[in-house]
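Taking it in order: structure first as structure tokens, then the write-up.
Derivation of every value follows stated rules applied to the coordinates shown; laboratory data play no part. Every value quoted in this text rests on a predicted model; they were computed, and no experiment measured them. Neighbour counts are summed over all protein chains in view; Cβ atoms, including those assigned to glycine, are modelled from backbone coordinates with ideal geometry.
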Amino acid sequence: MASYLESLLMRDEEVIYAAKLHWVIYFPGLLFTCVGWALSHFGPITLIYQYTGYIVNQPQLVSIIRYAVLGLTGIGVFMLAEAYLRVQRTELAVTNRRVLAKFGLISRNTFELFLSKVEGANVEQGIIGRMLGYGSIHVKGTGTGMTPIDGIGHPELFQRVLLEQIRQRHVRTETDTRGDDD
């Protein structure tokens, strides 16, 4: 089955680069799930005794702690599922004519900008983003504000491909214009 963005392609338009969201978006859900699993596996009551010396012998408190651990694990699993759906419902591409982005599964939010209308693209990466290879790219169009695309893998590659396509389009336009004057 073709992707949504491929169904939007115009005649003689081809995808040059398709970006993906980085795996780091799974990290918060994975952290919650692992901590919840570790607490349930090793027993929060045992850990409380081991680190504080306090013996938990009140049945209501034991139940509350067990439900809290279960809730922590459940939140982690929910966060993992949400991250998975976010990866599945996000498509980002640079074509030889446009920049395309689609977010959403049931309700859809799309961003399309012709290369001739792109003024620039800025990459935003923190220290961890630079080490792990993810960040945000902000595409600036004429007459529009910056459109951020967060959490993509290798945003500098996305930027480089986008700017190269803009340069090639500009060169083709100049060549076509000069050819008309002859």
### Summary
Only helices counted: for the chain, with every DSSP H run of 4 or more residues adding -39500 (n - 2.57) and the sum spread over all residues, [θ] at 222 nm is -17000 deg cm²/dmol
### Rounded to whole Hz, the Karplus (6.51, -1.76, 1.60) HN-Hα couplings of segment 72-88, x for glycine and proline
4, 5, x, 4, x, 5, 4, 5, 5, 5, 5, 5, 4, 5, 4, 5, 5
### Task
Enumerate the residues in segment 77-94 having an amide nitrogen under 11 Å from the point lying 7 Å beyond the Cα of TRP37 toward its Cβ.
77
### Task
Note the angle between two axes, namely the Cα long axis of helix 155-181 and the longest principal axis of the Cα atoms of the chain, as a number of degrees from 0 to 90, rounded to the nearest 10.
10
### Test item: Cα-centred dipole of the chain, Lys/Arg +1 and Asp/Glu -1 on Cβ, debye
660
### Query
Between VAL171, GLY135, LEU85, whose Cα lies farthest towards the positive end of the dipole of the chain when Lys and Arg beta carbons carry +1 and Asp and Glu beta carbons carry -1, centred on the Cα centre?
LEU85
### Summed side-chain charge close to GLY151 - residues other than GLY151 whose Cβ falls under 15 Å, Lys, Arg +1, Asp, Glu -1
0
### Message
So if the hydrodynamic radius of segment 96-139 is defined as the Kirkwood radius over C-alpha pairs, what does Stokes-Einstein give as its diffusion coefficient at 37 °C and 0.692 mPa s, in µm² per second?
### Response
265
### Summary
The exposure ranking of ASP12, ASP150, fewest beta-carbon neighbours within 10 Å first, is ASP12, ASP150
### Query
Any idea what angle helix 27-42 forms with the longest principal axis of the chain, computed on alpha-carbon atoms, 0 to 90 degrees, nearest 10?
20
## Note on the structure
Counting only backbone N atoms under 16 Å from a point 7 Å out along Cα-to-Cβ of LEU85, the residues of segment 16-42 in range are 26, 29
### Summary
Residues whose built amide H sits under 5 Å from the amide H of TYR17, excluding neighbours closer than 5 in sequence, are VAL94
### Task
Return the sequence-ordered ³J(HN,Hα) values of segment 109-124 in whole Hz as given by the Karplus equation 6.51 cos²θ - 1.76 cosθ + 1.60 applied to θ = phi - 60°, using x for Gly and Pro.
10, 10, 9, 10, 9, 5, 4, 5, 9, 7, 8, x, 9, 10, 9, 10
### Task
Quick one: which residues, 5 or more positions from HIS22 or on another chain, have an amide H under 5 Å from its amide H? H modelled 1.01 Å from N in the peptide plane, none for Pro or chain starts.
ILE152, GLY153
### Summary
Counting only DSSP loop positions in segment 82-182, the trypsin sites (Lys or Arg not before Pro) whose Cβ has at most 16 other Cβ atoms within 10 Å are ARG108
